[in-house]
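One structure below.
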Amino acid sequence: MLVSIVTATYNSAATVAETIRSVGEQDYPRIEHIVVDGLSGDNTLEIIKEFPSVKVISEKDKGIYDAMNKGILAANGDIIGILNSDDIYADSKVISKIVEAFQDSTVQCCYADLQYMHALDNSRITRTWKSGNYRQGSFYWGWMPPHPTFFVRKSVYDKVGLYNTSMRSAADYEMMLRIFVKNNLQTAYVPAVIVKMRTGGISNATVWNRIRANREDREAWRVNGLRPYFFTLYLKPLRKITQFLKK
């Protein structure tokens, strides 16, 4: 199986080389890495071009999810994953573990665990997001898997469509609702930390951003013709508290 990794970049010069190296160090031989750069104003593109194995798309986009969509459309892989430009794979065996999960032909998507690392010190872990097994109805109780650990067969995007670019921060959540809840596609859990993510993120940067993210989460249910429980979207951020207890 060919695995395509899509990385969206914009002014990512400080971190993108480490991200690309973490893909290049994988022990699985059949990987296509596509980097979609939104015309960065720094030297991001020059750094990317130092890695000749990387396929580059460089053009103006309408935001990170538009860039991801471009990468997905350009992907040739049987399996597609998203790796942000400031994230890294936890070790060299990550993609091998993912491919193993997809050896089961009924599995349409899979996810794993994630650790948050200090922005300036990769060895300093601040939170661990242990996903656990998905059960039907889990999303109604505020559950979701970490998006950077999420891999799908390319055929899934053909079936359910691409990311909804009208959403600022909840497009990944909306995509997962489409896949897990609306379409009830078969998934697998890989019980291992496969991605290390730098602290931060637009949905949690400020109280206002958290409120806006909650509104977008609600919209994600609505556009799919789904209705959460009255407490679902309050439980979603509250579940993150346990991540600080699992460093």
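Each reported figure results from applying straightforward, stated rules to the coordinates on display, with no laboratory input. Quick caveat, the model's predicted, so the values are computed rather than measured. Neighbour counts are summed over all protein chains in view; Cβ atoms, including those assigned to glycine, are modelled from backbone coordinates with ideal geometry.
Of the conditions (1) crowded, with 16+ Cβ neighbours inside 10 Å; (2) within 25 Å of Arg168 (Cβ to Cβ), Ala14 fails just one. Which one is it?
Result: Ala14 fails condition (1) only.
Give the residues of segment 97-133 that are more than 22 Å from Tyr157 (Cβ to Cβ) and free of Cβ contacts under 8 Å to residues at least 40 places away in the same chain, sorted by residue number.
Answer for segment 97-133, where residues must be more than 22 Å from Tyr157 (Cβ to Cβ) and free of Cβ contacts under 8 Å to residues at least 40 places away in the same chain: Leu120, Asp121, Ser123, Arg124.
Restricting to segment 71-96, give me the number of residues that are surrounded by 20 or more Cβ atoms within 10 Å (Cβ to Cβ), within 16 Å of Asp158 (Cα to Cα) and either among the charged types (D, E, K, R) or over 16 Å from the mean Cα position of the chain (by Cα) (or both).
Of the residues in segment 71-96, 1 are surrounded by 20 or more Cβ atoms within 10 Å (Cβ to Cβ), within 16 Å of Asp158 (Cα to Cα) and either among the charged types (D, E, K, R) or over 16 Å from the mean Cα position of the chain (by Cα) (or both).
Mind checking whether some residue in segment 177-193 is surrounded by fewer than 18 Cβ atoms within 10 Å (Cβ to Cβ), farther than 23 Å from Asp78 by Cα and out of contact with any Pro (no Cβ under 9 Å at 6 or more places or on another chain)?
For segment 177-193, residues surrounded by fewer than 18 Cβ atoms within 10 Å (Cβ to Cβ), farther than 23 Å from Asp78 by Cα and out of contact with any Pro (no Cβ under 9 Å at 6 or more places or on another chain): absent.
Being assigned to a helix (DSSP H, G or I) and in contact with a helix residue (DSSP H, G or I) (Cβ under 7 Å, 6 or more places away or on another chain) is the filter; apply it to segment 130-160 and report the residue that is surrounded by the most Cβ atoms within 10 Å (Cβ to Cβ).
If we take residues in segment 130-160 being assigned to a helix (DSSP H, G or I) and in contact with a helix residue (DSSP H, G or I) (Cβ under 7 Å, 6 or more places away or on another chain), then Phe139 is surrounded by the most Cβ atoms within 10 Å (Cβ to Cβ).
If a residue has to be closer than 26 Å to Arg218 by Cα and either surrounded by fewer than 16 Cβ atoms within 10 Å (Cβ to Cβ) or of a type in the set (Ser, Thr, Tyr) (or both) to count, how many in segment 103-129 make the cut?
Count: 3.
Within segment 223-233, track down each residue that is more than 22 Å from the chain's Cα centre (by Cα) and surrounded by 12 or more Cβ atoms within 10 Å (Cβ to Cβ).
Answer for segment 223-233, where residues must be more than 22 Å from the chain's Cα centre (by Cα) and surrounded by 12 or more Cβ atoms within 10 Å (Cβ to Cβ): Leu226, Pro228, Tyr229, Phe231.
Conditions first: (1) surrounded by fewer than 19 Cβ atoms within 10 Å (Cβ to Cβ); (2) touching a helix residue (DSSP H, G or I) at 6+ places or on another chain (Cβ under 9 Å); (3) hydrophobic (A, V, I, L, M, F, W, C). Ile48 passes all but one, so which condition is the exception?
So Ile48 meets the others, but not (1).
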